[in-house]
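The values are calculated or read from the model by the stated rules, or taken from the named source; none is laboratory data. Note that this is a predicted model, so its numbers are computed, not measured. Glycine also receives a Cβ, built like all others from the backbone with ideal geometry; neighbour counts cover every protein chain displayed. Note: accessible area is taken over every heavy atom of the protein model, side chains too, but ligands, DNA and RNA are not part of it. Shrake-Rupley method; radii C 1.70, N 1.55, O 1.52, S 1.80 Å.
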Amino acid sequence: MKSIQERNVSVSHAILLEIENGPDPSGHVRTQFGEVLTTSQLLNPQEVQLEVIFTRDDKVFLPATVVYNRETKQIIRWE
């Protein structure tokens with residue numbers, strides 16, 4: 001259970017950084033729990049889709065997909 005919470009914290013942190021600061025040129029965020037890789041895609045002028053992959057100890061966890069509004073910085077969908 002602890003590793004699931006750590007993954008969620010890491011993924012949430014990377015998503016919040018992306019929303020607040022714009023795309024990270026490297027698409028790579030290191031946290032104390034693991035590494036998060038993000039890939040951004042502009043869906044339309046207002047919406048951005050993020051593919052987020054968390055890795056830890058050479059294990060890759062299921063990816064998350066997040067769509068957010070660039071102007072309001074609100075998350076529209078999280079899968």
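Highest mean first, how do 68-77, 43-52 rank when packing is the count of other Cβ atoms within 10 Å averaged over residues? Provide the component values of the computation, followed by the final result.
Values: 68-77: 12.3, 43-52: 14.6.
The most tightly packed comes first, giving 43-52, 68-77.
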Checklist outcome for this item: Relative to the chain, whose Cα atoms define the longest principal axis, helix 2-21 and its Cα axis are tilted in degrees, nearest 10, by 30
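Within the accessible area of the chain, what % is carbon and sulfur when the probe is 1.4 Å and the other protein chains stay in place? Mind dumping the intermediate values first?
On the way: 2740 of 5300 Å².
Ligands and nucleic acids excluded, carbon and sulfur give 52 percent.
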Item to check | Å² of accessible area per residue within the chain, as computed with a 1.4 Å probe and no ligands counted | outcome: 67
